[in-house]
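Trainee: Encoded as structure tokens, here's the structure I'll be asking about.
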Amino acid sequence: MSLAFCGNENNSLAYNVDRGVLNNGCFLDALNVVPHIFLLFITFPILFIGWGSQSSKVHIHHSTWLHFPGHNLRWLLTFILLFVLVCEIAEGIVSDGFTQSLHLHLYMPAGLAFMAGITSIIYYHNIETSNFPKLLLALLFYWVLAFLMKTIKFAKYTEHSVGLRQLRYCITGLLALLYGLLLAVEINVILGRRYLCFTEATEVKPPEDLQDLGVRFLQPFVNLLSKATYWWMNTFITAAHRRPIDLKVIGKLPIAMRALTNYLKLCKAFESQRRPLGSMPQGPKWIWRALRQAFGRPLIISITFRFLADLLGFAGPLCISGIVHHISKDNRTIQPPIKLLGVYFISSQEFLANAYVLAVLLFFALILQRTFLQASYYVAIETGINLRGAIQTKIYNKIMRLCTSNMSMGELTVGQICNLVAIDTNQLMWFFFLCPNLWAMPVQIIVGVILLYYLLGISALIGATVIAVLAPVQYFVATKLSQAQKSTLEYSSERLKKTNELLRGIKLLKLYAWEHIFCHSVEETRGKELTSLQTFALYTSISIFMNAAIPIAAVLTTFVVHVHISEEADLSPAVAFASLSLFHILVTPLFLLSSVVRSTVKALVSAQKLSEFFSSDEIGDEQEPNATMPTGPSNHKTIPSGPRNHNNKYQAVPLKVVNRKRHPRDDWNNYRHEGGNPPPQEGDQDLCIRITSGYFTWTDGTPTLSNVNIKVPFGKLTMIVGQVGCGKSSLLLAALGEMQRVSGTVTWNIPTSDKDAADDGDIQKRGSVAYASQKPWLLNATLVENITFEMPMIKPRYKAVIEACSLQPDIDILPQGDQTEIGERGIILSGGQRQRIGVARALYQQTNVVLLDDPFSALDIHLSDHLMQEGIRKLLREEKRTVVLVTHKLQYLPHADWIIAMKDGTIQTEGTLKDIQNSDPKLFEQWKTLMHRQDGEFEKETVAESMTVLERKNLRRAMYSKEASKTEEEHEEESVESEEDDSLSQAMRHRTTIPWRSCGVYLSSAGLLLPLLLLSQLFKHTLMVAIDYWLAHWTSHVITAKMDATGRNCTVAQECGFSHSWYLSVFSVLCCLGIVLCLVTSVAVEWTGLRVAKELHHNLLSKIILAPMRLFETTPLGNILNRFSSDTNTIDQHIPATLECLSRSTLLCVSALGVISYVTPVFLIALVPLAIACYFIQKYFRVASRDLQQLEDSTQLPLLSHFSETVEGLTTIRAFRYESRFRQRLLEYTDANNIASLFLTAANRWLEVRMEYVGTCVVLIAAVASISNSLYNHLSTGLVGLGLTYALMVSNYLNWMVRNLADMEVQLGSVKRINGLLKTEPENYEGLMAASQVPDGWPRQGEIQIQNLSVRYDTTLKPVLKQVNAHISPGQKVGICGRTGSGKSSFSLAFFRMVDTFEGRIIIDDIDIAKLPLQTLRSRFSIILQDPILFSGTIRFNLDPEMKATDDMLWEALEIAQLKPVVKTLPGGLDAMVTEGGENFSQGQRQLFCLARAFVRKSSILIMDEATASIDMATESILQKVVMTAFADRTVVTIAHRVHTILNADLVIVMKRGIILEYDRPQALLEKEDSVFSAFVKADK
């Protein structure tokens, strides 16, 4: 076959130019080549020169992405142009097939035009990024030429009566139109940018976002192709391999997506609904309206994309039907094409009857469908994320204005508000994600059913009914699932509560050998949880089963009915496989239905909750109409509004209080002149706060404070005293404007020197006030941030404050000093430490007024005194600051300049101490006696080791083991650092590999269920393939039977002996088997999951409970708890579903590829490059996806804790006038979380677009290969249909496979972490003696011999006791004393083998304790620890969990511990409930319960480890008496922290650094002048 441009048949009209050159078809085509050649020649050199120079000059940041006018339109038109050109090429090739020689002119010009089209857009893109519009002239010429040539060709065709019947005529007309439009776009650029024909070009700046180097999320700014394929994400995702993704890498959000922008948008929407009278409409309706107004537009775009994608989705079945139909035509004769202008023309029917053309069209339809679908997802999710940010900000602003009474009266709890943020905003976001489905589903179902009807007639409707009937069942299962999940949640929170108690009290449980009782209790709850999980698993498996079985059932019914209804049933492969694909399409919306309906219901509930929250009372609402909320200075974005609208005063910029340019110290020195004393006002100039006839209330009932008249003088110390509950704290809050004011006035006389503070009409001109609340409020931040609290750091001032609050010793203990994180997420501090930090914050602030609400309540007497002298009297008074102090410590009254005494919510009296002595002598006397008593207490309290020292000690113990000396630590730190560097490269290697080991651990826990699981999955998929293969076999036979029938002249195939029944019965059997296997696999997966969950939790719990104490001292409690909470939850509920999805999608892909390769073996060659592409895509994606998922989780934590923090510290924040700063911080947290979510979404889209494009390539290759195979090798048509149906499936399941692989990898992290804990070595519970060999009553006498004892906490640490020798006779009372860290507590722990004894031994009643089983040893002693631990449960359970003692014994124990009267009054007596941690008893009472607990045990050896540390003097003396009488005949070892408690012991041991310094009777030691013990006692006096 020879090759020529115009063909070379002899009689060719091709070269005939008698009637003019332009009337020759071939010449017209040749003329059309000119513009394309021109463009290619002109642009290539420019592109090469440009690229060469671009690489040499430093690339400016993406600010160069300036879109020229008509940017998106140009891209769209170019895409359409390229598609039409492909059609032109195809048309040329098809019509050329009818001639003997090849006519190049039919498709070569189109091919060149295609190249020119691609070149034009690349050229344009490069010019746009380098912002050099003059070079667009080349394109202008090209469009003009191309438009002219096409128009000439079109005109000539019309002239020669080529009409719409001929496809090429239509294509030419379309192309002329497209070139014309592109020319118009080009002219528009000239008009817009004025680079031609105008004197000066317009200056254009890139968008603000792109000038900011921090913005790395480029989706809104890139060109259309990059937007559709997420091309800009390539560098980001591949970079994740080199370094982990963190917040620095992902940068900032673009302005349009920031929470503030969206919040203002939402506010505007709310504003526009304001009624004429200015009131806001209530109820959830207005929330929905506002959301629609603010975020409706992008949602409509998303829905449009979704419609387009769904309609294009039907191209698959239709093209399959067409292709198979085309192949199975026995006579392939089509009427010859018409010949005009010396060229052949074909009609569009002939064009579309070509199988290859259909394959190419299918390819394009699929690519478009996938692109639209992903675009729809992306737009919906982005809108959802923006909406969540806006609502969270709105909730936060509402919190800032909430009435405190709502909080304190329990109408709104912190938990409820956190739920609004964590759950309800997310529900609305999810609703927006799924919203396009709501609209798209009906369309999909209707179109699908119509097409099925067109293919199969009435039987299709029956099949569709099967699917429809099962949809309500789906919904029922979904509701049951959510119920099961709820009950599971209840049980798991109960189990967590128990686990938490168990871990917090683990030391006590081990010392009392009770760990198994508690372990059993946790296991019991876990049992209930597992039962609930079983229900959950059952419904999940039903749901999975239905997803798999419905399509099979529908297809089966349809075909059975179809064959039975009509004799002439057309069951050709074309019909069968097209309907099979259609059923697969139909099933998808019905599965989504249940989740969409559920999501809609939840969203409605959430909107209801939000509307209730938004309409709750605000502070300042009851004030006079002139009360306006604080607004920022005028340069802020605020929306104009009515006088009472508080919605929008929103400060975007954090304002600094101190000018940072000056040196902070100067600032500090000049401070007084700046904010100085206020301008004098007559009469009031020396008053700071004045309340006249004030009535204040929390709720609408009777006023809490009535008839309040007080004045607080300037620069003086005012004290407010009175009994508990008389309204002292309320008075402070009333002055701050936190209470609802019924009547009266509050006047503040501080100028608003702070820029932060704002004018407030009601509480006149109140600036920032430093306020320390009674219950200290800490931020989740470092200790230094908690004290400076957003103020600049002034070193000398900070030092002075730390010194005044005696925080230095506490800071020294903390692992990172004052940079240690404290608060919820950091280290847990004791009450006293928290309180001192709160006071330090108030002292550090540079405000004129300081309000301190009972700062001494949790402090011991020394700290209180120190704080009073150094902090309040020295620091604050020197600075002439006004101090208002609420206190119970009357001994400080003489220091006060002004005293306000309160009683029952009114002011009893006010004045100086002298005034009160004169006016109310009775009250003065009462105070005097109380003062003396308190001073007396002071004398008794000790100096050596106060409560604080003890707190510090607890803290130090929590931090790290005792005597690990400084050098050792430094050495460790160095080694850690060097390890970190190595581990980074190792980690990068780890990140790319799938955690196969964890997967192994997970599956091996399944035991015998594993083979069942694997076999059932394999069998199921084999059967699925068998069903479809049988269908192919059957339908191919139908066609051959038909051909025979026409050959033998039977009217119907049945007459010639062909019967459907045998095929149908085999098909039915296979389908039923398939359905059964679907059930088996779904149950197997869920049951495996349950089995593993049960095993892993059981193993974890039993390992943890037997682990040595060292594990709990070195691992933060939160870490261990996380293994039991989030990790267990992942294993319980998430892994089974992911595993099922992963195995299903993987096996589907494998079976599909297998079938295609079987049908057309050539496909295997093309599979290799596709497989390599897939491998790299998933490899890069998995790493990036895991990082982004972790980032999203980790950014959500600070956001949620910021909310709970704000709610708890609302009064403090408002007192300081720091609302705007906290809002700013909220915006940062929200934006950080949102950008992580956006990047995660973009990464998922990146993956899906790529995988789906790979899938489309599979379809194209499979189609082309099978068509060729069929046409040349006579492959049966049924198999072609089978291959194509499976190819379509691959494209659907490929990305599911990778997504599930990535999820699985993240989830297997839980297994890995749990497995890490499972490797801990348990304590050695077995002894050399069996439990039965130990004498029953041992130890009877309680004689203790300690020989050469050396003890350490761990084999890697130094010894804490060194070669200690001692002998304690039966019944002796021994006191052990020594400084902190001298080894006293280690001494007591050695009796219980809680520490590693590596030398020497302890012999008790002639038995070496090292030989005993641990359980037996620990159950025979009693110990009282320094921190009292009670568990939630009854009092009986707390005293005797083993349930061995009788009621009388318990009452006796309570009586000895002085608790009988307390317990008698409680409802239920011994069965009265103790709340978690014993919160319903005071610290002292808890300590007494612990004593009673020790007494119930009646063991002959009692050890008291600093047991009286947290008890007041009175109770302590009771305890001492009790021990002496009740334990008269038992051996008691007391570790003393107040030395006077052991003065009447029989023996005193003084320790220092792990060795015994002195060992004698106390009297003997006191007689020696130089003994350490006597020094202790002197210090104690």
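Trainee: Inspect segment 729-741 for any residue being over 23 Å from ARG1217 (Cβ atoms) and at pLDDT below 90 and give the result as yes or no.
Mentor: Looking for residues that are over 23 Å from ARG1217 (Cβ atoms) and at pLDDT below 90, one finds none in segment 729-741, hence no.
Trainee: In segment 1398-1455, how many are in a loop (DSSP other than H, G, I, E, B), over 29 Å from ILE1368 (Cα atoms) and of a type in the set (D, E, K, R)?
Mentor: Qualifying residue count, segment 1398-1455: 2.
Trainee: Spot the failing condition for ALA1366; the list is (1) surrounded by fewer than 21 Cβ atoms within 10 Å (Cβ to Cβ); (2) not in a strand (DSSP E or B), and only one is missed.
Mentor: (2)
Trainee: Consider GLY1316 against the criteria (1) loosely packed, with under 13 Cβ neighbours inside 10 Å; (2) closer than 22 Å to ARG997 by Cβ; (3) in contact (Cβ under 8 Å) with a residue 24 or more places away in the chain: it satisfies all of them except one. Which criterion is unmet?
Mentor: (3)
Trainee: Still on this structure, please answer the following. If you check ASP1231 against the conditions, is it part of a helix (DSSP H, G or I), at pLDDT below 90, open to solvent by 10 Å² or more (accessible area, probe 1.4 Å) and more than 30 Å from ALA1152 (Cβ to Cβ)?
Mentor: Criteria not met by ASP1231.
Trainee: Find all pairs meeting these conditions: Cβ atoms under 6 angstrom apart; at least six residues apart or on different chains; first residue within segment 257-269 and within 15 Å of GLU1228 (Cβ to Cβ); second residue open to solvent by less than 10 Å² (accessible area, probe 1.4 Å) and not in a helix (DSSP H, G or I).
Mentor: none
Table: residues versus (1) at pLDDT below 85; (2) within 14 Å of ILE720 (Cβ to Cβ); (3) not small (Gly, Ala, Ser).
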| site | (1), (2), (3) |
| --- | --- |
| GLU870 | no, no, yes |
| LYS889 | yes, yes, yes |
| PRO921 | no, no, yes |
| PHE924 | no, no, yes |
| GLU937 | yes, no, yes |
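Trainee: Tell me, yes or no, whether segment 208-217 has at least one residue that is of a type outside the set (Ser, Thr, Tyr) and closer than 30 Å to VAL1254 by Cβ.
Mentor: Yes, some residue in segment 208-217 is of a type outside the set (Ser, Thr, Tyr) and closer than 30 Å to VAL1254 by Cβ.
Trainee: Another question, then. Of all the helices (runs of 4 or more DSSP H) wholly in segment 768-813, which have at least 2 residues that are within 33 Å of the chain's Cα centre (by Cα) and under 10 Å from GLY838 (Cα atoms)?
Mentor: 783-788
Trainee: Next question, about the same structure. Restricting to segment 1340-1363, count the residues that are of a type in the set (Val, Ile, Thr) and not in a loop (DSSP other than H, G, I, E, B).
Mentor: Taking segment 1340-1363 first, the residues of a type in the set (Val, Ile, Thr) are 1344, 1346, 1351, 1355-1356, 1360.
Restricting the remaining residues to those that are not in a loop (DSSP other than H, G, I, E, B) gives 1344, 1346, 1351, 1360.
Of the residues in that region, 4 qualify.
Rundown of residues vs (1) open to solvent by 60 Å² or more (accessible area, probe 1.4 Å); (2) at pLDDT below 70; (3) hydroxyl-bearing (Ser, Thr, Tyr); (4) at positive phi, yes/no style:
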{"residue": "LEU22", "(1), (2), (3), (4)": "yes, no, no, no"}
{"residue": "TRP51", "(1), (2), (3), (4)": "yes, yes, no, no"}
{"residue": "PRO69", "(1), (2), (3), (4)": "no, no, no, no"}
{"residue": "THR78", "(1), (2), (3), (4)": "no, no, yes, no"}
{"residue": "LEU82", "(1), (2), (3), (4)": "no, no, no, no"}
{"residue": "LEU85", "(1), (2), (3), (4)": "no, no, no, no"}
{"residue": "GLU91", "(1), (2), (3), (4)": "no, no, no, no"}
{"residue": "TYR107", "(1), (2), (3), (4)": "no, no, yes, no"}
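Trainee: Separate question: Out of all the residues in segment 1499-1520, is one or more at positive phi, surrounded by fewer than 21 Cβ atoms within 10 Å (Cβ to Cβ) and at pLDDT 70 or above?
Mentor: No; the residues of segment 1499-1520 include none that is at positive phi, surrounded by fewer than 21 Cβ atoms within 10 Å (Cβ to Cβ) and at pLDDT 70 or above.
Trainee: Continuing with the same structure: From the list GLY1381, GLY1337, GLY1371, pick out the single residue that is under 45 Å from the mean Cα position of the chain (by Cα) and either not in a strand (DSSP E or B) or not small (Gly, Ala, Ser) (or both).
Mentor: That would be GLY1381, the only listed residue that is under 45 Å from the mean Cα position of the chain (by Cα) and either not in a strand (DSSP E or B) or not small (Gly, Ala, Ser) (or both).
Trainee: Identify all residues within segment 515-552 that are open to solvent by less than 40 Å² (accessible area, probe 1.4 Å) and free of Cβ contacts under 8 Å to residues at least 24 places away in the same chain; write none if there are none.
Mentor: SER521, GLY527
Trainee: Of the numbered conditions (1) within 50 Å of the chain's Cα centre (by Cα); (2) surrounded by 17 or more Cβ atoms within 10 Å (Cβ to Cβ), THR1434 fails exactly one; give the number of that condition.
Mentor: (2)
Trainee: So, one more: Go through (1) touching a Ser or Thr at 6+ places or on another chain (Cβ under 8 Å); (2) modelled with pLDDT of 85 or more one by one and return the number of the condition ILE1556 breaks.
Mentor: Of (1) touching a Ser or Thr at 6+ places or on another chain (Cβ under 8 Å); (2) modelled with pLDDT of 85 or more, only one is false for ILE1556: (1).
Trainee: Taking into account only those residues within segment 1217-1227 that are out of contact with any helix residue (DSSP H, G or I) (no Cβ under 9 Å at 6 or more places or on another chain) and assigned to a helix (DSSP H, G or I), which is surrounded by the fewest Cβ atoms within 10 Å (Cβ to Cβ)? Don't jump to the end; show me each part of the working.
Mentor: Residues of segment 1217-1227 that are out of contact with any helix residue (DSSP H, G or I) (no Cβ under 9 Å at 6 or more places or on another chain), as a first pass: 1217, 1220, 1224.
Subset that is assigned to a helix (DSSP H, G or I): 1220, 1224.
Values: SER1220: 21, GLN1224: 17.
Looking at residues that are out of contact with any helix residue (DSSP H, G or I) (no Cβ under 9 Å at 6 or more places or on another chain) and assigned to a helix (DSSP H, G or I), I get GLN1224.
Trainee: Of the residues ILE1131, ILE1177, only one is open to solvent by 10 Å² or more (accessible area, probe 1.4 Å) and assigned to a helix (DSSP H, G or I); which?
Mentor: Unique residue meeting the criteria: ILE1177.
Here is a yes/no grid of residues against (1) surrounded by fewer than 18 Cβ atoms within 10 Å (Cβ to Cβ); (2) within 26 Å of LEU1191 (Cα to Cα); (3) among the basic types (Lys, Arg):
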residue: ASN188; (1), (2), (3): yes, no, no
residue: ILE237; (1), (2), (3): no, yes, no
residue: ARG243; (1), (2), (3): yes, yes, yes
residue: ALA259; (1), (2), (3): no, yes, no
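Trainee: So which strands (runs of 3 or more DSSP E) stay within segment 1522-1569 end to end and still have 1 or more residues that are among the hydrophobic types (A, V, I, L, M, F, W, C) and under 12 Å from MET1504 (Cβ atoms)? Write out each step before concluding.
Mentor: On the way: elements: 1531-1535, 1547-1552, 1555-1560.
So the answer is 1531-1535.
Trainee: Now for a separate question. Residue check, ALA1166 against (1) more than 24 Å from THR1256 (Cα to Cα); (2) small (Gly, Ala, Ser); (3) modelled with pLDDT under 90, all met but one. Which one?
Mentor: Checking ALA1166 against (1) more than 24 Å from THR1256 (Cα to Cα); (2) small (Gly, Ala, Ser); (3) modelled with pLDDT under 90, the one that fails is (1).
Trainee: If you don't mind, another one. If you take the residues in segment 559-574 that are of a type outside the set (Gly, Ala, Ser) and crowded, with 24+ Cβ neighbours inside 10 Å, which one is nearest to the chain's Cα centre (by Cα)?
Mentor: It comes out as PHE559.
Trainee: In addition: Tell me which residues, restricted to segment 1226-1261, are over 30 Å from LEU366 (Cβ atoms) and in contact with an Asp or Glu (Cβ under 9 Å, 6 or more places away or on another chain).
Mentor: Listed by number, the residues that qualify are ASN1233, ALA1236.
Trainee: Right, another one. Please specify each residue of segment 423-436 satisfying the condition of being surrounded by 15 or more Cβ atoms within 10 Å (Cβ to Cβ) and either at pLDDT below 90 or not β-branched (Val, Ile, Thr) (or both).
Mentor: Correct list: ASP424, ASN426, GLN427, LEU428, MET429, TRP430, PHE431, PHE432, PHE433, LEU434, CYS435, PRO436.
Trainee: Does ASN1292 qualify as being within 30 Å of ILE327 (Cα to Cα), assigned to a helix (DSSP H, G or I), open to solvent by 10 Å² or more (accessible area, probe 1.4 Å) and polar (S, T, N, Q)?
Mentor: Yes.
Here's the yes/no breakdown for (1) aliphatic (A, V, I, L, M); (2) closer than 21 Å to ILE1165 by Cβ; (3) modelled with pLDDT of 95 or more:
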| residue | (1), (2), (3) |
| --- | --- |
| PHE1222 | no, no, no |
| LEU1240 | yes, no, no |
| ARG1245 | no, no, no |
| GLU1248 | no, no, no |
| GLU1252 | no, no, no |
| VAL1259 | yes, yes, no |
| ALA1262 | yes, yes, no |
| ALA1265 | yes, yes, no |
| TYR1272 | no, yes, no |
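Trainee: Moving to a separate point now. Of the conditions (1) open to solvent by 70 Å² or more (accessible area, probe 1.4 Å); (2) modelled with pLDDT under 85; (3) more than 30 Å from GLN211 (Cβ to Cβ), SER55 clears all except one; give me its number.
Mentor: Unmet condition: (3).
Trainee: List, please: which pairs have Cβ atoms under 9 Å, are six or more places apart or on different chains, and start with a residue in segment 130-152 that is more than 17 Å from ARG193 (Cβ to Cβ) and end with one that is β-branched (Val, Ile, Thr) and buried (at least 16 other Cβ atoms within 10 Å of the Cβ)?
Mentor: That search, which allows pairs on different chains as well, returns PHE141/ILE42; TYR142/ILE42; TYR142/THR43; MET149/VAL33; LYS150/THR172.
The values are calculated or read from the model by the stated rules, or taken from the named source; none is laboratory data. Predicted, not measured: the structure shown is a model, and the values here were computed from it. For neighbour counting, all protein chains shown are included, and Cβ atoms are generated from backbone atoms with ideal geometry for every residue, glycine included. Remember, those area values only see protein heavy atoms, side chains included, never the ligands or the DNA or RNA. Shrake-Rupley method; radii C 1.70, N 1.55, O 1.52, S 1.80 Å.
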